[in-house]
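Participant: I'd like to ask you about the structure that follows.
The values are calculated or read from the model by the stated rules, or taken from the named source; none is laboratory data. Being a predicted model, the structure only gives us computed values, none of them experimental. Cβ placement follows ideal geometry from the backbone for every residue including glycine, while neighbour counts extend to all protein chains displayed.
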Amino acid sequence: MNMKNEAGNTDLPAPVRQDSDLVQVLDAEGNVLPQASVPPLSDRQLLELYETIKLARHFDQRAISFQRQGRLATYAPMTGQEGSQVATSLALAEQDWLFPTYREHAAKYAHGMELESLFEPLRGYREGYAIPEDVNVMPEYIPIATQVPQAMGMAWGHKLQGKTDTAVLCHLGDGATSEGDFHEGLNFAGVFDVPAVFVCNNNQWAISVPREQQTASETIAEKAQAYGIDGVRVDGLDPLAVYKVASEALEKARNPDPGERRPTLIESVQYRFGAHTTADDPSVYRDESEEEAWRDRDPVDRIEKYLYNEGILDSALESEIQDRIEQEVSEAIETAEQTETSPDNIVEHVYDEVPARLEEQRDELNRLREKYDDGAFSEVLE
Amino acid sequence: MSSTASTQTGQNAQRLTLVEAIQDGLYTEMAQDDNVVVLGEDVGKNGGVFRATDQLYEEFGEDRVIDTPLAEAGIIGASIGLAQTGMKPVPEMQFMGFMYPAFDQIVSHAARLRSRSQGQYSVPMVIRAPYGGGIRAPEHHSESKEAFFVHEPGLKVVSPSTPYDAKGLLAASIHDPDPVIFLEPKLIYRAFREDVPTKPYEVSLSEAAVRREGTDISVYTWGAMTRPALIAAENLSQSHGIDAEIIDLRTLSPLDIETITDSFKKTGRAAIVHEAPKTGGLGAEIATTIQEEALVHQEAPIKRIAGFDAPMPLHSLEDYYLPQAVRIQDGIRETVDF
């Protein structure tokens, strides 16, 4: 059961702060809230949103299962967060740039990356980080919050070159808000008034540390005030609300009204349904009942219910979409599993040209490979 | 040289892995001294991402095993402040590749407060960090950047290669009046067990360990590379009659120059094995030190068997990047046959 508060919003599970500023479009069951304004999306766009979110959920399940089979290394699951990821990326224009972290698989895919390239680094192949020229996505950021000042800098560069029709959208987690880079990046963004949108995917947990131990601030959105920029809080399990908030923030980044600052910090209030990564065991530090309360607000169910209510989706179309995404993910896995690499790759792309000393190191390795064969290198060091 | 674990038997010892020995070492020190506190990301309730602080939160409570916000500079800067009050912080950096935000606090302050204050203030603190490759970890999780810290005056740098040493070196580090960077080879966190005394003991921070005595070549290494070096030595002993001496440095700064040069004076040949990139790695320091101290004994060029001058690759290629036994054997033969 979900209680509606004075603003017509539906309450998020405790201990998340309830406030009337939380942007929502759908209630927990996927019905449009009485005072909500639905973003103007065509049926085709709504189905694209739905299909991409469904695909992301399926991708996540397959990736977790492949990791358990030893076919992928450590994977950071995104179940519960894919609705927000897809909605923010679909709000981007093609020329806009995306700065993802290691969990934004769906955000990358929805902004143009191929699915197989998402699997490749998880299989140990750096080839998947080679992003095609027409796709404006940076390689995923693993050291926490380091992307924030860089995203600011790219947006700054665009502004200095008069290209404010290009916005930059930068993802980060709730844990990232404790790092110095977060504060430095947002401060610069405010000072230089750059066309950037920062999306904090507040999934309530930084590995084992809960949001309320991460910061004494009541909300993450309120941190924006300190940098003189707007902070917006949105129900991150409500894809329509996220789409609306992200679109408005991107539009303001490009074309602010007089007196408006371009940057926005969006706090997308979510929940990490699964583990931090496949190497993590959340049962050590959190109660499973907490997850159940959030499961009632599953973004996949909510958007699906909305589309059924609107007559945009029926069971025939739903199963057609399901078949299509399963096939697409299977094909991507197949392609990714055929990826090959060479030890020569170790020395490639370190510099524009391979330095002589590094060439010697590569030649020495290849001499040893010839002398002893490759099997000798895969002996377990332990 | 300290006694080895094989001499410890009976009810006064436990069979522990290296990571368990670190947990046991932290437990032992915390039980003895209320001023010892552990802090960092996920070290409390979660017991650390590698379980190095397992059960400490339950045993000592949230004021001594502290889950901090996600901020490495904050953790180290706060630890420097804590140390000024008589506390002995043992902060954990979750992975060595995530230490860089704290670099300024470490090199500009932890390493220098003693000299800046002309001995009035000091920073007795142990910064623990898992380091190194070989566990199929994601990018930025496999770094070996010990040379950054060895280069910094005022810091001690330690890396154990056995469970026995892990507990003893950790105790000596916590008792040390100066800041210690304690680098844990995560590749061998759970690789093997040995007897670890339950009672408190120290392994000296100024003595390297001779892991295998030999007469033909001195092989200098530390941490996770000690095992492939020993395997290489055994293989070459059987296949080619080469008798390699394996020196586990244990403390990387300050170096035990006496043990290093005594061995070289005996063998006249040397190889250095480390995971870190070759250029500017600790191997260069060791080779130069040998030449300064024992040039007249040298019979062959000193060989470095190291990581590439390239970022650590993702895991499909890490076996080629790391010095495997096959590379170590080849390097030893090249040096002995010179």
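Participant: Of all residues in the range A:112-143, which are in a loop (DSSP other than H, G, I, E, B) and touching a residue at least 40 places away in the same chain (Cβ under 8 Å)? If you could, list the steps in order and put the result at the bottom.
Facilitator: As a first pass, look at the range A:112-143 and keep what is in a loop (DSSP other than H, G, I, E, B): A:112-114, A:123-125, A:130-136, A:138-140, A:142-143.
Within the range A:112-143, A:E114, A:R123, A:G124, A:Y125, A:N136, A:M138, A:E140, A:I142 meet the criteria.
Participant: Can you work out which of the residues in the range B:237-256 that are crowded, with 24+ Cβ neighbours inside 10 Å and not in a strand (DSSP E or B) is farthest from the chain's Cα centre (by Cα)?
Facilitator: Per the criteria, the residue is B:L249.
Participant: What number goes with the only condition from (1) surrounded by 20 or more Cβ atoms within 10 Å (Cβ to Cβ); (2) closer than 28 Å to A:D280 by Cα; (3) not charged (D, E, K, R) that A:I64 does not pass?
Facilitator: Against the list (1) surrounded by 20 or more Cβ atoms within 10 Å (Cβ to Cβ); (2) closer than 28 Å to A:D280 by Cα; (3) not charged (D, E, K, R), A:I64 comes up short only on (1).
Participant: Just need a number here: residues in the range A:188-205 that are in contact with a Pro (Cβ under 8 Å, 6 or more places away or on another chain) and within 19 Å of A:I142 (Cα to Cα).
Facilitator: Count: 3.
Participant: Also, quick follow-up: Return the residues of the range B:25-48 that are surrounded by fewer than 21 Cβ atoms within 10 Å (Cβ to Cβ) and within 14 Å of chain A (Cβ to nearest Cβ); say none if nothing qualifies.
Facilitator: B:K45 - this is the single residue of the range B:25-48 that is surrounded by fewer than 21 Cβ atoms within 10 Å (Cβ to Cβ) and within 14 Å of chain A (Cβ to nearest Cβ).
Participant: Could I ask something else about it? Working only within the range A:215-241, note down all residues that are more than 30 Å from A:D301 (Cα to Cα), within 14 Å of chain B (Cβ to nearest Cβ) and outside any helix (DSSP H, G or I).
Facilitator: Matches in the range A:215-241: A:T215, A:A216, A:S217.
Participant: Does B:R114 meet the test of being in contact (Cβ under 8 Å) with a residue 40 or more places away in the chain, more than 14 Å from chain A (Cβ to nearest Cβ) and of a type in the set (K, R)? I'd like the intermediate steps shown before the answer.
Facilitator: Details: in contact (Cβ under 8 Å) with a residue 40 or more places away in the chain: yes; more than 14 Å from chain A (Cβ to nearest Cβ): yes; of a type in the set (K, R): yes.
Taking the combined requirement at face value, the residue satisfies it.
Participant: Between a first residue in the range A:46-60 that is more than 19 Å from A:E331 (Cβ to Cβ) and a second residue that is of a type in the set (S, T, N, Q), which pairs have beta carbons less than 8 Å apart while being 6 or more apart in sequence or on different chains?
Facilitator: Taking only residues 6 or more apart or on different chains, not a single pair turns up.
Participant: Do you know which of the residues in the range A:265-304 that are touching a Ser or Thr at 6+ places or on another chain (Cβ under 6 Å) and within 14 Å of chain B (Cβ to nearest Cβ) is farthest from A:A107 (Cα to Cα)?
Facilitator: A:Y285
Participant: Same structure again: With the requirement that a residue be within 17 Å of B:G214 (Cβ to Cβ), of a type outside the set (A, V, I, L, M) and surrounded by fewer than 21 Cβ atoms within 10 Å (Cβ to Cβ), what does the range B:260-297 give you?
Facilitator: Listed by number, the residues that qualify are B:T261, B:D262, B:K265, B:K266, B:G268, B:H297.
Participant: Can I ask one more? Conditions: (1) surrounded by fewer than 21 Cβ atoms within 10 Å (Cβ to Cβ); (2) away from chain A (no Cβ under 14 Å). B:G74 meets all but one. Number of the miss?
Facilitator: Failing condition for B:G74: (2).
Participant: Now for a separate question. Check whether at least one residue in the range A:326-349 is modelled with pLDDT of 95 or more, more than 10 Å from chain B (Cβ to nearest Cβ) and more than 30 Å from A:L49 (Cβ to Cβ), and report yes or no.
Facilitator: Checked the range A:326-349: no residue is modelled with pLDDT of 95 or more, more than 10 Å from chain B (Cβ to nearest Cβ) and more than 30 Å from A:L49 (Cβ to Cβ).
Participant: Looking only at the range A:14-34, count every residue that is modelled with pLDDT of 85 or more and closer than 29 Å to A:R211 by Cα and tell me the total.
Facilitator: 13
Participant: Among (1) among the charged types (D, E, K, R); (2) part of a loop (DSSP other than H, G, I, E, B); (3) without any contact (Cβ under 8 Å) to a residue 24 or more places away in the chain, there is one condition B:D309 misses while meeting the rest; what is its number?
Facilitator: It is condition (3) that B:D309 fails.
Participant: Please specify each residue of the range A:317-341 satisfying the condition of being surrounded by 13 or more Cβ atoms within 10 Å (Cβ to Cβ) and not in a helix (DSSP H, G or I).
Facilitator: A:T339, A:T341
So that you can scan it fast, the table gives a plain yes or no per residue for (1) away from every other protein chain (no Cβ under 14 Å); (2) in contact with a His (Cβ under 9 Å, 6 or more places away or on another chain):
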{"site": "B:L82", "(1), (2)": "yes, no"}
{"site": "B:E92", "(1), (2)": "no, no"}
{"site": "B:Y100", "(1), (2)": "no, no"}
{"site": "B:A110", "(1), (2)": "yes, no"}
{"site": "B:G119", "(1), (2)": "yes, no"}
{"site": "B:G133", "(1), (2)": "no, yes"}
{"site": "B:S142", "(1), (2)": "no, yes"}
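Participant: Which of the residues belonging to the range A:132-163 are β-branched (V, I, T) and surrounded by 17 or more Cβ atoms within 10 Å (Cβ to Cβ)?
Facilitator: Scanning the range A:132-163 gives A:V137, A:I142, A:I144, A:T146, A:V148.
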